[in-house]
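Scroll down for the structure; my scribbles are underneath it.
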Amino acid sequence: KDLTLKKAREVCTCSHQAIITFFCQLFPVLDWLPRYNVKTQLLGDVISGLLVGIVAIPQSISYSLLASQDPIYGIYTNFFCNIIYVVMATSRHNFVGSFGVLCLMIGQSVNRHLQLAGYSDDNTGSALVGNSTSFSNGTGACDRSCYAITVALSLSFLVGLYQILLGVLQLGFVAVYLSEPLLSGFVTGSSLTIITSQMKYLLGLKIPRHEGVGSFILTWVDLFRYIQNTNICDLVTSLVALAIIVPVKEINDRYKEKMKAPFPIELLVVIVATVISYYCSFEKRYKSAVCGDIPTGFRKPTLPDINLFSSLAVDALPIAIIGFAMTVSLAEIFGKKHGYAVRANQEMIAIGMCNLIPSFFYCFASSAALTKTLLKESTGTQTQVSGLVTSLVLLLVLLWIAPLFYSLQTSILGVVTIVNLRGGLRKFCDTPRMWQLSKLDTVVWWTTMLSSTLITTEIGLLVGVCFALLCIIFRTQRPRATLLGKVSNTEIYEDQSTYKQLSSIANIKIFRFESSLYYANKDYFKTVLYQKTGVNPILLAAKHQRVEAQANADTSNSKSFFGTGFDCLKPAKKRAEKPPADACPPSIDMHTLILDCGAMQFIDTVGLSALKETRHDYKEIGVQVLLANCNPSIRHRLREG
């Protein structure tokens, strides 16, 4: 009772310093902003923020298309998320905004709900005409675009809520189950799905939308089925844009160390394509799909639709986990590179706030974006002040520049999206090297990639996690087991099958089991132990019993000979002195078995029973069993058991 009261007083004690510490931990900007050095840090932050903002403009618009939203909502998302992340993040280099994989998952969820609500695909990618749609809780008509953003902001609210709860409950360790091969395979599979979804824009086709299992294959089937309806204007525009953007971005990647900043080819192509489309009247003359009206300014805040929460709860969970995993992994990479600490749980709360608060301002879910984070780091950012500069660039677009993109073709946005997926596709080139390093990790990568592509992204992620965990279980279920020999003139013992010229100790065998002993591998432990030592105590005990039974039978027979006549005495003695070969008790070449437990981290109750049975079985045939290198927890379990 006294200890409980003491701990409760320590936790509940509230002082001036405790309040300051709490708010500094919750809002890290209060810690680093007063120490901000304008002379040494401001220039790098401003340049980096401007360059990232320039790149973010076309990507915000193109990723809105991927999320089945109007272009303005992608700009809203990147604007608000940057401001919130500046205040709450511990990372100095992450850029938080629209991320391709998340936009794909958001778009799939939005499209599914649009179909359930009875909206057609005719207005896909079109903007709000006149910006007149009402969101006032059923007081006005809600068209397809209005319902799409309602679903997206409700989904973003749930994603943020999940992430904040995980952060408050200190459950940041959940991300450790998303290994690097798993995440890499998931991103690559999602990239293939994104490319498939964008092909109809590059070709200017109107094809049925497919959701769920097999949508990847069905979409490609429809692309070839309707390929004769290709819009030549969109196709030519896409090919020209690809021919310009891809080589320039490759040059940017190859000479990024020599260039002070990458050339903003995407923005240049978007501007030129918009101007050409406007003056050549691509929309009227060739029926090319364009962005349409993009409103300026901000809209009044709105509340998420509570009625959608039950149907979106499952969709929000994988988005929350992927968003957090990407954010924390990038934060830790650059934190380690530049020598500062990153708090995973605070990052989870920060990214949760970046999804929860903007959901009231017509934003969809976001996370750290890989390409823009790499650009931010490579252009010399020092702190998150660069995020504020990026938000100012996007603010200019929101207030004045956005309507100028009316004539921008959606095929150009598709090209921008596809070009930024090159990193995910390059992972295919890394698989041979991965196979040399770890075949099991390569199988995890291919399993996650194929399931994410051919089934659905959510199920693919689940399949990847389950398969990776099964691989871990498989590794511990059938671990490596060896007999040890002694290195000459030392007290070092090593694997006899790996090292040569090891000396064995007469009549003593040392067995190492390189895993914890628990219910899943206890049978394998016994099997491999009998195999390596060459002594199966159960079979030997059975042979002993047969020999004893045979001996008893011979004894009884000899007694019957004594009863029948004196002449039978000598033959009976001869038979007793020279039994048949198969009646001899089997001989073994050891009297002691040592189990090296150095690799065992724990033993459960089933493993403890297996050790008891092993000790008992070998004792029956005259072999003593000793345990070596037991850690304190195993010794405690042995004493208790």
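For region 367-396, the set of residues classified as at pLDDT 90 or above and of a type outside the set (Ser, Thr, Tyr) consists of Ala368, Val385, Gly387, Leu388, Val389, Leu392, Val393, Leu394, Leu395, Leu396, listed by residue number. Selection of first residues in region 198-210 that are within 20 Å of Arg285 (Cα to Cα) and of second residues that are of a type in the set (Asp, Glu), restricted to Cβ pairs under 6 Å at least 6 apart or on distinct chains, gives the following pairs, ordered by first then second residue: Gly204/Asp234.
Examine region 580-592 for a residue that is in contact with a helix residue (DSSP H, G or I) (Cβ under 9 Å, 6 or more places away or on another chain), at pLDDT below 90 and outside any loop (DSSP other than H, G, I, E, B), and state whether such a residue exists. Yes - at least one qualifying residue is present in region 580-592. With the structure loaded, tell me whether Gly204 is outside the structural domain of Pro318 (by the TED database) and modelled with pLDDT of 85 or more or whether it fails that test. Criteria met by Gly204.
Looking at this structure, is Glu257 of a type in the set (Asp, Glu) and either crowded, with 17+ Cβ neighbours inside 10 Å or modelled with pLDDT of 85 or more (or both)?
no
Restricting Lys526, Lys427, Lys509 to those that are among the basic types (Lys, Arg) and not assigned by the TED database to the domain that holds Leu608 reduces the list to Lys427. Figure legend. Inter-residue proximity from region 239-262: first residues outside the structural domain of Ile47 (by the TED database), second residues open to solvent by less than 80 Å² (accessible area, probe 1.4 Å), beta-carbon distance below 8 Å, spacing 6+ or different chains. No pairs are indicated. Filtering region 260-291 to residues that are among the aliphatic types (A, V, I, L, M), closer than 15 Å to Val52 by Cβ and in a loop (DSSP other than H, G, I, E, B) leaves only Ala261. The residues listed here are Ser197, Ser191; of these, the one that is in contact with a helix residue (DSSP H, G or I) (Cβ under 6 Å, 6 or more places away or on another chain) and either open to solvent by 30 Å² or more (accessible area, probe 1.4 Å) or among the hydroxyl-bearing types (Ser, Thr, Tyr) (or both) is Ser191. Among the candidates Leu461, Leu437, single out the residue that is within 20 Å of Tyr177 (Cβ to Cβ) and of a type in the set (A, V, I, L, M). Exactly one of Leu461, Leu437 is within 20 Å of Tyr177 (Cβ to Cβ) and of a type in the set (A, V, I, L, M), namely Leu461.
Yes/no per residue for (1) at pLDDT 90 or above; (2) farther than 23 Å from Val328 by Cα; (3) in a helix (DSSP H, G or I):
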{"residue": "Ser136", "(1), (2), (3)": "no, yes, no"}
{"residue": "Ile149", "(1), (2), (3)": "yes, yes, yes"}
{"residue": "Ser154", "(1), (2), (3)": "yes, yes, yes"}
{"residue": "Val187", "(1), (2), (3)": "no, no, yes"}
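In region 344-368, of all residues being crowded, with 20+ Cβ neighbours inside 10 Å and out of contact with any Leu (no Cβ under 9 Å at 6 or more places or on another chain), the one that is farthest from Arg299 (Cα to Cα) corresponds to Ala344. Looking across region 318-336, the residues that are touching a residue at least 12 places away in the same chain (Cβ under 8 Å) and within 17 Å of Gln384 (Cα to Cα) come down to Thr327, Val328, Leu330, Ala331, Glu332, Phe334, Gly335. Taking (1) in contact with a Phe, Trp or Tyr (Cβ under 7 Å, 6 or more places away or on another chain); (2) in a helix (DSSP H, G or I); (3) at pLDDT 90 or above in turn, Asn252 satisfies each apart from (3). For region 83-94, the criterion of being under 26 Å from the mean Cα position of the chain (by Cα), surrounded by 24 or more Cβ atoms within 10 Å (Cβ to Cβ) and within 30 Å of Val290 (Cβ to Cβ) is met by no residue. The number of residues in region 499-528 that are part of a loop (DSSP other than H, G, I, E, B), of a type in the set (Phe, Trp, Tyr) and under 31 Å from the mean Cα position of the chain (by Cα) comes to 2. Here is a check on your reading of the model: is Thr237 surrounded by 15 or more Cβ atoms within 10 Å (Cβ to Cβ), modelled with pLDDT of 90 or more and touching a Leu at 6+ places or on another chain (Cβ under 8 Å)? No, not satisfied. Every condition in (1) assigned to a helix (DSSP H, G or I); (2) in contact with an Asp or Glu (Cβ under 8 Å, 6 or more places away or on another chain) is met by Val547 except one, and the failing one is (2). Among the residues of region 611-634, those identified as at pLDDT 90 or above, hydrophobic (A, V, I, L, M, F, W, C) and either within 36 Å of the chain's Cα centre (by Cα) or not in a helix (DSSP H, G or I) (or both) are Val623, Val625, Leu626, Leu627, Ala628, Cys630, Ile634. Taken over region 476-495, the residue count meeting the criterion of being in a loop (DSSP other than H, G, I, E, B) and either over 17 Å from Tyr530 (Cβ atoms) or open to solvent by less than 60 Å² (accessible area, probe 1.4 Å) (or both) is 7. Just wondering, is there one or more residues in region 454-462 that are at pLDDT 90 or above, assigned to a helix (DSSP H, G or I) and in the same structural domain as Val236 (by the TED database)? Yes, because at least one residue in region 454-462 is at pLDDT 90 or above, assigned to a helix (DSSP H, G or I) and in the same structural domain as Val236 (by the TED database).
Consider region 388-416 and keep the residues that are in contact with an Asp or Glu (Cβ under 7 Å, 6 or more places away or on another chain) and not in a helix (DSSP H, G or I). The one that is surrounded by the fewest Cβ atoms within 10 Å (Cβ to Cβ) is Tyr406. When the residues of region 511-567 are filtered to those that are open to solvent by 30 Å² or more (accessible area, probe 1.4 Å) and touching a strand residue (DSSP E or B) at 6+ places or on another chain (Cβ under 6 Å), which remaining residue is modelled with the lowest pLDDT? By that ranking, first place goes to Lys532. The numbered conditions (1) open to solvent by 40 Å² or more (accessible area, probe 1.4 Å); (2) touching a Ser or Thr at 6+ places or on another chain (Cβ under 9 Å); (3) at pLDDT 80 or above are all true for Arg575 except (3). Only residues that are open to solvent by less than 50 Å² (accessible area, probe 1.4 Å) and without any contact (Cβ under 8 Å) to a residue 12 or more places away in the chain were counted in region 281-305, giving 1.
The values are calculated or read from the model by the stated rules, or taken from the named source; none is laboratory data. This one's a predicted model, so the numbers in the text were calculated from it and none came from an experiment. Heads up, the Cβs are rebuilt from the backbone with ideal geometry, glycines too, and the neighbour counts pull from every protein chain shown. The accessibility values were calculated without ligands, DNA or RNA, using every heavy atom of the protein model including side chains. Shrake-Rupley method; radii C 1.70, N 1.55, O 1.52, S 1.80 Å.
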